[in-house]
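K.L.:
Got a structure for you, questions after.
The values are calculated or read from the model by the stated rules, or taken from the named source; none is laboratory data. Being a predicted model, the structure only gives us computed values, none of them experimental. Cβ: placed from backbone, ideal geometry, glycine included. Neighbour counts: every protein chain shown.
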Amino acid sequence: MATAEKTPVLSVEHLTMRFGGLTAVSDLTFDAFPREITALIGPNGAGKTTVFNCITGFYKPTEGSITLHHGDGRSFMLERMDDFRIAQHAKVARTFQNIRLFSGMTLLENLMVAQHNTLMVASGYTLGGVFGSGNFRRAEKAAIERAKDWLEKVRLIDRADDPAGDLPYGDQRRLEIARAMCTSPRLLCLDEPAAGLNPRESEELNKLLRAIRSENDISILLIEHDMSVVMGISDHVVVLDYGQKISDGDPAHVKSDPAVIRAYLGVDDEDEDALAAEAIAEAVGEKS
Amino acid sequence: MAAQDLSPRKSGGYDWPAIIKDLIVTSIVTLLILVPIVAYKSVITQYSLTLEPRWTLVFTILAVILATRLFMYLFVWTRAPGDALSGKTSSAQRAKAGFTDKLGPWVFPALVAFAFLLPIITGGDRRSIDLGIYILTYVMLGWGLNIVVGLAGLLDLGYVAFYAVGAYAYALLSTVYLPQWFGTGVLPWAFYITLPLAGLLAASWGVILGFPVLRLRGDYLAIVTLAFGEIIRLVLINWFSFTNGPQGINVPKATFFGLPFKAGDGGFADFFGIEHNRIQYYIFLYYVILALALLTYFVTNRLRRLPIGRAWEALREDEIACRSLGINTTNTKLTAFAIGAMFGGFAGSFFAARQGFVSPESFVFIESAIILAIVVLGGLGSQIGIVFAAIAIMGSFELFRELSVFRDYLPAGTDTVHFRMLAVGLAMVLMMRFRPRGFVTRRQPTVFLKERKAVSSDLVKEGHG
């Protein structure tokens, strides 16, 4: 791999997550690199969202470590941090499979909430803000500018003062990405960003993600079922099946990997017969 | 009997067959209900139990019901069927919304101006000033609870606990601790010293309540807050050596910045060279609670526009999304509890000064329920709505006191004051039917680029607790 020389933004090592007797993710190791899009794919129930929830702190992994490196040498052990601290300090932002916008708040307000921590400091933890300190007013103006900037990028600026719940589905997806980007993340985790989008919208999404990758010092990790998105934009693909990594590499490599084809398309009838014959032979062999 | 479905109006005229059919059905249902309940009254005479027929009453009630229904058909339910689906209604609704939006900015200043002038308008009438104090206290409590329930979406059934903390803070500090610590010279200023302390104490109790309930949601949160309210009350009753138990504490009156309201030298009237009148104290109290309520209003309004307020509302909308954006939801909930409790504490301190006496009896669960009813009736998160709800509920309580003029028509021994809870019940039922989200349902955004468009209540969530 060409990326082997770079320092990864995210390194997941021997990640295992068990729910009671069920092992959702077992011994998963992979890296995500700066200014790259890493796709996490796999059949339904392969454990992709569980990996996301471990990285963003919504689950505490049973075993293994997840480390996030900032370019300046700081690194964070995500498996030991609370979910909101991961977002606040380690700068990991995420979107959700079933969109979670603040539907009763306007688009602009949604993006202002995303800048909560910056504004909180600027408002002197509310005290300065109550008395209208200049510092806070400047910070608020900057936050509105930043929100405007992102609304323009996702082409929702005309609807800035409408409630988020009023947007059509595809726009809500884009707004959620804009909201995540307003937290200035180092790692952006997108959980099925193209789900429910029509081909034109997912082409637009590809463009947006490419733009985000090239304009920001950021690594994007995405879960996706839409292969046109995965193959079209990702630099690196990790394939999961039953919680285990079965393939890892660039899209072309993964596409032709027999293990991936087997996981997605099932085993051919002939192969299955052969496997069954092998199994019978083994069983017979053990007896005799 | 869904009246609208019966299509009473066919392109201009009334659909008389449908109306008559409905009136016949109505008569049958009414008679079915009335005959067993009203038609015969059991009368115990000296020797036997007899039935006294009351058919006139039955038919009077029936006539009233039919007349009302006919009136509704002719003048109210005139909407032709299918309107609900066509664009007509929505454009009408939009026009109506535009009208209220235009009126919106004037409502609050008008209310404040009216509140300021009330003692002058009524010419210093003791009863109306008392009622004003009473309503304003509940407006303030409603605004305080609105932070917790309306903005942060956390259902708090024990809000009266903070009111109690504020009231006892004033009572105990002014009678026991301030004289003990600073000597009696400080007493004229007791109210002004205690007010911020009461707020602080209540806020810290808010945090103390907040901690154990952080992980709870919905029903569980409601029950724990309910229990907290009861615990405070029971402690006040049982910790005799500290709170004087159920006998309560007499507290000194507030002063006008050190000038007591009394006849003779050194009093308020003497200082300003006017004649002493007891009403001066009540007018003073009225303006104190008005100032406190306005403080609550403006601080809350300011907080809504700060990151903390947006975080409260975001928390109500979606807690998980908040955490994914790096918002410390623990602190956010605690600040909501603390600031809501602080205003409750201020109000409690004022209450103690007004009553001149505190006892645990004033802080029963029904008080929490009334404050919550005001917030819900006003519309969660809406400050103006709460004013109207407080006027409606507290005003109707007073109205029932006045209803004693009907005493002659009611069975002997009926005290109309006992009907006041019926008023709250009726208000709630009517509200659920006609305005399920309260008087004011539209949310005003805290920040905007081009124009401030109110958010419809369909999109605003009510919170998970």
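K.L.:
Taking the range A:163-190 on its own, how many of its residues are away from chain B (no Cβ under 13 Å) and either touching a helix residue (DSSP H, G or I) at 6+ places or on another chain (Cβ under 8 Å) or surrounded by 18 or more Cβ atoms within 10 Å (Cβ to Cβ) (or both)?
P.N.:
The number of residues fulfilling the criteria is 4.
K.L.:
Say whether the condition of being closer than 30 Å to B:G123 by Cβ, under 23 Å from the mean Cα position of the chain (by Cα) and part of a helix (DSSP H, G or I) is met by at least one residue in the range B:330-344.
P.N.:
Step one: filter the range B:330-344 for residues closer than 30 Å to B:G123 by Cβ, giving none.
Looking for residues that are closer than 30 Å to B:G123 by Cβ, under 23 Å from the mean Cα position of the chain (by Cα) and part of a helix (DSSP H, G or I), one finds none in the range B:330-344, hence no.
K.L.:
So which residues in the range A:27-62 are surrounded by 19 or more Cβ atoms within 10 Å (Cβ to Cβ) and among the small types (G, A, S), if there are any at all?
P.N.:
Hits for the range A:27-62 are A:A32, A:A39, A:G42, A:A46, A:G47, A:G57.
K.L.:
Also, I was wondering about something else. In the range B:299-311, which residues are part of a helix (DSSP H, G or I) and facing chain A (nearest Cβ under 10 Å)? If you could, list the steps in order and put the result at the bottom.
P.N.:
Residues of the range B:299-311 part of a helix (DSSP H, G or I): B:299-304, B:307-311.
Scanning the range B:299-311 gives B:V299, B:R302, B:L303, B:P307, B:I308, B:G309, B:R310, B:A311.
K.L.:
Give the residue, chosen from B:A202, B:A198, B:A190, B:A167, that is under 26 Å from B:F298 (Cα atoms) and in contact with a Pro (Cβ under 9 Å, 6 or more places away or on another chain).
P.N.:
Within the list B:A202, B:A198, B:A190, B:A167, the selection yields B:A190.
K.L.:
How many residues are of a type outside the set (G, A, S) and farther than 11 Å from A:S11 by Cβ when one looks only at the range A:59-75?
P.N.:
Counting residues in the range A:59-75 that are of a type outside the set (G, A, S) and farther than 11 Å from A:S11 by Cβ gives 8.
K.L.:
Among the residues of the range B:259-301, what is the count of those that are surrounded by fewer than 17 Cβ atoms within 10 Å (Cβ to Cβ), of a type in the set (S, T, N, Q) and closer than 30 Å to A:F131 by Cβ?
P.N.:
1
K.L.:
What's the number of the only condition in (1) at pLDDT 90 or above; (2) surrounded by 18 or more Cβ atoms within 10 Å (Cβ to Cβ) that A:A160 fails to meet?
P.N.:
(1)
K.L.:
Criterion first (loosely packed, with under 15 Cβ neighbours inside 10 Å and not β-branched (V, I, T)) does A:K245 satisfy it?
P.N.:
Considered against the rule, which asks whether it is loosely packed, with under 15 Cβ neighbours inside 10 Å and not β-branched (V, I, T), A:K245 comes out as no.
K.L.:
Got at least one residue in the range B:272-288 being out of contact with any Leu (no Cβ under 7 Å at 6 or more places or on another chain), in contact (Cβ under 8 Å) with a residue 24 or more places away in the chain and within 14 Å of another protein chain (Cβ to nearest Cβ)?
P.N.:
Within the range B:272-288, not a single residue is out of contact with any Leu (no Cβ under 7 Å at 6 or more places or on another chain), in contact (Cβ under 8 Å) with a residue 24 or more places away in the chain and within 14 Å of another protein chain (Cβ to nearest Cβ).
Yes/no per residue for (1) surrounded by fewer than 20 Cβ atoms within 10 Å (Cβ to Cβ); (2) charged (D, E, K, R); (3) modelled with pLDDT of 90 or more:
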{"residue": "A:G104", "(1), (2), (3)": "no, no, no"}
{"residue": "A:E109", "(1), (2), (3)": "no, yes, yes"}
{"residue": "A:R137", "(1), (2), (3)": "yes, yes, no"}
{"residue": "A:E192", "(1), (2), (3)": "no, yes, no"}
{"residue": "A:G196", "(1), (2), (3)": "yes, no, no"}
{"residue": "A:S202", "(1), (2), (3)": "no, no, no"}
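K.L.:
Just checking: which of the helices (runs of 4 or more DSSP H) contained wholly in the range A:169-273 hold 3 or more residues that are closer than 18 Å to A:E152 by Cα?
P.N.:
Answer list for the range A:169-273: A:169-181, A:199-215.
K.L.:
Ok, one more. Would you kindly identify the strands (runs of 3 or more DSSP E) lying entirely within the range A:40-125 that contain at least 3 residues that are under 12 Å from B:L325 (Cβ atoms), touching a helix residue (DSSP H, G or I) at 6+ places or on another chain (Cβ under 9 Å) and at the interface with another protein chain (Cβ under 10 Å from one of its Cβ atoms)?
P.N.:
It comes to A:92-94.
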